[in-house]
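Since the structure comes first, as structure tokens, the remarks are kept for the end.
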Amino acid sequence: MPHRRTVMAGLVCLLCAAACVSFWSSAAATDKPAEKSNSARSAEQTMRQRVETSKLKKSINFYRQATWRTQDTLQKPHTRSSYSDRRIDGPAYLKWESRLWRHRWLAIKHYAQHILASRGYLPPTQARILGRYMAAKQGWIGRQWQCLDWLWGTKGGKRLESGWYARADNPSSHAHGIPQAYPGSKMGPSWYESAYAQIRWGLGYIRDKFHTPCQALSVRLSQGSY
């Protein structure tokens with residue numbers, strides 16, 4: 001009997017050991033897919049973040065370039081990128097930066113549209129922007145624009161005609177407005193309140209009489225009037 005009990009106890013121990021090995025083997029097998037799943041989720045999250053970061057950077061670049069192009073049209077200096085804009089890749093910061101550049105673009109675009117659509121009085125800085133735009137529509141860019149800007153604007157602190165001031169008045173010649181027309185009424189019924197009307201008339205006058213702004217400027221410099 002003692003021998004039989006010893007044998008039975010040994011069998012029980014063997015069965016327990018086998019059960020333990022089976023349990024831990026199945027547990028390990030169950031954990032491996034979980035580890036792979038966590039790794040896959042981490043890789044997927046990293047990929048999504050990279051895609052989002054790339055889209056945000058493209059958005060920032062789009063609005064930045066659009067802002068700069070509009071500033072070029074207005075002859076204004078470019079809004080510079082910040083140090084953080086070039087160094088930080090965090091999605092939260094990039095979202096804020098994208099909104100900031102979009103706001104800048106919309107603001108400068110609205111400013112440009114206001115000037116180009118205006119038919120009323122404009123201060124000299126804005127009248128000059130409108131004049132450059134209207135001259136470019138006639139093909140007068142580059143050197144021809146520089147001649148027109150010298151003729152109607154200011155160079156070296158001196159002005160030949162109006163300095164782009166729509167209410168400029170020459171008491172000696174009674175010439176008026178940006179192109180210094182005499183009498184001012186020839187520029188149209190709303191000439192005194194409209195930089196657009198003055199510029200439109202002045203460009204037509206130069207085209208019909210001198211063909212180009214540089215020819216008009218040459219006559220103005222040599223004869224004292226044009």
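The values are calculated or read from the model by the stated rules, or taken from the named source; none is laboratory data. What you are looking at is a predicted structure, and each value in this text was computed from that prediction instead of being measured. Every residue, glycine among them, receives a Cβ derived from its backbone with ideal geometry; neighbour counts consider all protein chains shown.
Within the set of pairs 6+ apart or on separate chains, which have a first residue in the stretch 111-129 that is more than 22 Å from Trp150 (Cα to Cα), a second that is part of a helix (DSSP H, G or I) and hydroxyl-bearing (Ser, Thr, Tyr), and C-beta atoms under 6 Å apart? Here the result reads Ala112/Thr70; Arg119/Tyr196, each pair linking the stretch 111-129 to a residue that is part of a helix (DSSP H, G or I) and hydroxyl-bearing (Ser, Thr, Tyr). For the stretch 93-104, the criterion of a residue being surrounded by fewer than 18 Cβ atoms within 10 Å (Cβ to Cβ) and either in the same structural domain as Ile206 (by TED's automatic domain parsing) or closer than 29 Å to Ser225 by Cβ (or both) is satisfied by no position. For the stretch 33-77: of the residues being among the basic types (Lys, Arg) and at pLDDT below 85, which is nearest to Trp101 (Cα to Cα)? Looking at the filtered set, the residue picked out is Arg41. Taken together, Ile199, Ile206 contain a single residue that is closer than 20 Å to Ile115 by Cβ, hydrophobic (A, V, I, L, M, F, W, C) and at pLDDT 95 or above, which is Ile199.
Taking the stretch 126-226 as the region of interest, the helices (runs of 4 or more DSSP H) fully inside it that hold 2 or more residues being within 27 Å of Gln71 (Cβ to Cβ) and polar (S, T, N, Q) are 143-152.
Residue selection: Lys158 satisfies the criterion of being over 27 Å from the mean Cα position of the chain (by Cα), surrounded by fewer than 16 Cβ atoms within 10 Å (Cβ to Cβ) and over 21 Å from Gly184 (Cβ atoms).
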